[in-house]
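Below: one structure, written as structure tokens.
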Amino acid sequence: MAVGLLSPAPISVLRCSNLAAPKTMNRRAEQRQGRIVGNLGNLVQVVRKDVEFLKNRVSKGVDWAYTALRVPYLSKALDDVIWLRNIEEDPHSPPLPPLSWPRPFYPELTGVDLFFADLKALEAYANYFYYLSKSWTKPLPEVYDPQDVADYFTYRPHVVALRLLEVFSSFAFAAIRIQTSGIKKFYMSSMDLNIEGDAAQYSFGLVLKETMLNLGPTFVKAGQSLSTRPDIIGTEISKALSELHDQIPPFPRTMAMKIIEEELGSPVEKYFSHISEEPVAAASFGQVYKGCTIDGFNVAVKVQRPNLRHVVVRDIYILRLGLGLLQKIAKRKSDLRLYADELGKGLVGELDYTLEAANVSEFMKAHAPFPFIRVPKVFRHLSQKRVLTMEWMDGQSPRDLIEMSTTKSIDHGSSYLKPQQCDARKRLLDLVNKGVEASLIQLLETGLLHADPHPGNLRYTSSGEIGFLDFGLLCRMQKKHQFAMLASIVHIVNGDWASLVSALIDMDVVRPGTNIWRVTMDLEDALGEVEFKDGIPDVKFSRVLGKIWSVALKYHFRMPPYYTLVLRSLASLEGKLFHV
């Protein structure tokens, strides 16, 4: 039994089992493949349904847009415009009568005559369009002329538009800053507001100063002029704007050296043995380097800022447009654009350093009899339109003397500095006295006035002389105006306002037809009676200047440049006396 049980199976049984195994495996593979095919079929059906759904949705969206946007109507309208169907006549309208060949307008002329006449007309049109094309290439005029400047910028409206956008955005940003600071002050108490009043005015001036610095040389020049008028804008704002004389960023030295080489026509080393690496002063229109010539003379080399003429003339043109618009809105009879023209002539004149060199020589010759007035010598062979080389003048500016003479800048514990402080006060007082004397000499003797008498253009030398710098503008007076100006100053000191009006008439300040009695009354109300201190009239020219300006604006006075210059110079020197 055991042997039978353990005996191997028959061969036929083994063969059958071996044949059954492959069939089972094939059946399983077929089932698996069927399931995969079934799954792929389901996926294809789902994708097909999704595609049909999206097609329906997209087609509905297109139909909606087609209807909502009136695409058929727009397409038809565009097609009608392209084919000019809108101007076609009615096909049922009667036909036009036939026309004969046009006859010449001048029957006495032959066809040849008309042909040559047409050629001449074509030549005239060609010349006209050639002139228009040349207008685009016309350069900016060297001398300021309102019509030439208007013609130049008429063909460049994009330049004017971009500048207007820049100016508007700069002042809008400044207004936002000022308004934001005003919101902060709203939450302060009244006591805090009284304490912070001056600081607020000074902050306003700082914002205005930064805005003008960002807008470029023309606005910097305007800010410098405003800084000398505390009677109009206030003391704190004037103090902030006065920093424009010292905080103007310089342009790169490499550019300055390139301008010197272009103007002089040779490398810098041919004329100068040394030029300072950094400018000793940077102004609105140029900057100054200290140098030494090949001959060994110490000089001040003034270099104009690059592309300055285009910038200045563009801003003057925009100012002229603005004043013209203001004149129409205010319905004023006087042409306000003349103020822009006068400013333009002065500023463009300052851009030609050969004119400044001539002004220096004229001023030096006129004031040579007065030894306390110092004018630097000009090196003509080293000066051109954009480069001016002058003698170097050692001295202290009024601002330096004020800082040395004030107690705030002196350490109270350092007793050995007190003599220096007293000496600075003496020199400042001597500077003021000689400045007043120089102003009266310019007014009474020479009739030639320095047109920019701010502290940055004055120096007090070690030998006790008063030195003048920057002669870009000079003001020339006629003899009759000199005497009338002197009389007006005397009448201001005496408080004789009726005689002051008479002097203003002699200076052609008061327009014909003005009510003289009303002008006199307004001056009396504005200036009041003169106060006396120790028997001497106590007159503050800064206050007088502001009051006269207010009356002048009311009655449309024609304020000549020299009148403002003399009073402004006296007011500037008067302000320095408060530091003595």
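The values are calculated or read from the model by the stated rules, or taken from the named source; none is laboratory data. Given the structure is predicted, the values throughout are model-derived calculations rather than measurements. Positions of Cβ are generated from backbone atoms using ideal geometry, with glycine treated the same way; all protein chains shown enter the neighbour counts. Please note that ligands, DNA and RNA were not included when accessible areas were found on the heavy atoms of the full protein model with its side chains. Shrake-Rupley method; radii C 1.70, N 1.55, O 1.52, S 1.80 Å.
In a helix (DSSP H, G or I), open to solvent by less than 20 Å² (accessible area, probe 1.4 Å) and modelled with pLDDT of 90 or more, is that true of ALA256?
Values: in a helix (DSSP H, G or I): yes; open to solvent by less than 20 Å² (accessible area, probe 1.4 Å): yes; modelled with pLDDT of 90 or more: yes.
Yes.
Within segment 283-297, identify whether any single residue is in a strand (DSSP E or B) and of a type in the set (Lys, Arg), and answer yes or no. Break it down into steps so the answer makes sense when it comes.
So the first thing to find is which residues in segment 283-297 are in a strand (DSSP E or B), and the list is 286-293.
Filter once more, keeping what is of a type in the set (Lys, Arg): 290.
The answer is yes, given that some residue of segment 283-297 is in a strand (DSSP E or B) and of a type in the set (Lys, Arg).
Contact annotation: no residue pair with Cβ atoms under 7 Å, 6 or more positions apart or on different chains, pairs a residue in segment 151-176 that is over 17 Å from PRO217 (Cα atoms) and modelled with pLDDT of 90 or more with a partner that is hydroxyl-bearing (Ser, Thr, Tyr) and loosely packed, with under 13 Cβ neighbours inside 10 Å. Of all residues in segment 305-334, those that are over 16 Å from PHE153 (Cα atoms) have Cβ atoms under 7 Å from Cβ atoms of residues that are open to solvent by 90 Å² or more (accessible area, probe 1.4 Å) and not charged (D, E, K, R), 6 or more apart or on another chain, in LEU323/TYR339.
Could you list, in sequence order, the residues of segment 375-404 that are in a loop (DSSP other than H, G, I, E, B) and touching a residue at least 24 places away in the same chain (Cβ under 8 Å)? Spell out how you get there, then give the answer.
We begin by selecting, within segment 375-404, every residue in a loop (DSSP other than H, G, I, E, B); these are 375-377, 379, 383-386, 392-395, 397.
Once the filter is applied, which keeps residues that are in a loop (DSSP other than H, G, I, E, B) and touching a residue at least 24 places away in the same chain (Cβ under 8 Å), segment 375-404 yields VAL375, PRO376, PHE379, SER383, GLN384, LYS385, ARG386, TRP392, MET393, ASP394, GLY395, SER397.
If we keep just the residues of segment 408-419 that are assigned to a helix (DSSP H, G or I) and open to solvent by less than 70 Å² (accessible area, probe 1.4 Å), which is modelled with the highest pLDDT? Per the criteria, the residue is LEU417. Among the residues that make up segment 465-480, is at least one of them under 33 Å from the mean Cα position of the chain (by Cα), closer than 28 Å to VAL501 by Cβ, among the aliphatic types (A, V, I, L, M) and open to solvent by less than 40 Å² (accessible area, probe 1.4 Å)? Yes; the residues of segment 465-480 include at least one that is under 33 Å from the mean Cα position of the chain (by Cα), closer than 28 Å to VAL501 by Cβ, among the aliphatic types (A, V, I, L, M) and open to solvent by less than 40 Å² (accessible area, probe 1.4 Å). Could you tell me which of the residues LEU326, LEU308 is open to solvent by less than 10 Å² (accessible area, probe 1.4 Å) and of a type outside the set (Phe, Trp, Tyr)? The match here is LEU308.
Residues in segment 198-238 that are of a type in the set (S, T, N, Q) and modelled with pLDDT of 75 or more: GLN201, SER203, THR211, ASN214, THR218, GLN224, SER238. Scanning segment 346-372 for residues that are part of a helix (DSSP H, G or I), surrounded by fewer than 18 Cβ atoms within 10 Å (Cβ to Cβ) and in contact with an Asp or Glu (Cβ under 9 Å, 6 or more places away or on another chain) turns up just one, GLY349.
For segment 292-303, which residues satisfy the criterion of being touching a residue at least 60 places away in the same chain (Cβ under 8 Å) and of a type in the set (Gly, Ala, Ser)? Don't jump to the end; show me each part of the working.
Initially, segment 292-303 is screened for residues touching a residue at least 60 places away in the same chain (Cβ under 8 Å), giving 293, 297-303.
Of everything in segment 292-303, just one residue is touching a residue at least 60 places away in the same chain (Cβ under 8 Å) and of a type in the set (Gly, Ala, Ser), namely ALA300.
Determine whether ARG380 is crowded, with 16+ Cβ neighbours inside 10 Å and either at pLDDT 85 or above or not basic (Lys, Arg) (or both). Steps first, please.
Details: crowded, with 16+ Cβ neighbours inside 10 Å: no; either at pLDDT 85 or above or not basic (Lys, Arg) (or both): yes.
No: the conditions fail for ARG380.
Among the residues of segment 496-531, those that are in contact (Cβ under 8 Å) with a residue 40 or more places away in the chain and surrounded by 18 or more Cβ atoms within 10 Å (Cβ to Cβ) comprise LEU504, MET507, VAL509, VAL510.
Within segment 99-118, is even one residue outside any loop (DSSP other than H, G, I, E, B), open to solvent by 90 Å² or more (accessible area, probe 1.4 Å), at pLDDT below 65 and of a type in the set (A, V, I, L, M, F, W, C)? Taking every residue of segment 99-118 in turn, none turns out to be outside any loop (DSSP other than H, G, I, E, B), open to solvent by 90 Å² or more (accessible area, probe 1.4 Å), at pLDDT below 65 and of a type in the set (A, V, I, L, M, F, W, C). Selection over segment 276-292 of residues that are open to solvent by less than 10 Å² (accessible area, probe 1.4 Å) and closer than 20 Å to ARG380 by Cα gives a count of 4. Checking each residue in segment 447-464 for being surrounded by 21 or more Cβ atoms within 10 Å (Cβ to Cβ) and hydroxyl-bearing (Ser, Thr, Tyr) picks out only TYR460.
Can you say whether ASN298 is of a type in the set (S, T, N, Q), modelled with pLDDT of 85 or more and under 25 Å from the mean Cα position of the chain (by Cα), as far as the supplied structure shows? Lay out the reasoning, then the answer.
Numbers: of a type in the set (S, T, N, Q): yes; modelled with pLDDT of 85 or more: yes; under 25 Å from the mean Cα position of the chain (by Cα): no.
Judged against the criteria, ASN298 is not a match.
Take the residues of segment 329-345 that are assigned to a helix (DSSP H, G or I) and open to solvent by less than 70 Å² (accessible area, probe 1.4 Å): which is farthest from LEU440 (Cα to Cα)? Give the derivation first.
Taking segment 329-345 as the starting set, the residues that turn out to be assigned to a helix (DSSP H, G or I) are 329-330, 337-345.
Then drop every residue that is not open to solvent by less than 70 Å² (accessible area, probe 1.4 Å), which leaves 330, 340-341, 344.
Values: ALA330: 39, ALA340: 29, ASP341: 29, GLY344: 28 Å.
Taking the candidates together, the pick is ALA330.
Remark: pairs (first residue in segment 106-135, more than 22 Å from TYR155 (Cβ to Cβ); second residue surrounded by 10 or more Cβ atoms within 10 Å (Cβ to Cβ) and at pLDDT below 80; Cβ separation under 7 Å; 6+ apart in sequence or on different chains) = LEU114/PRO104.
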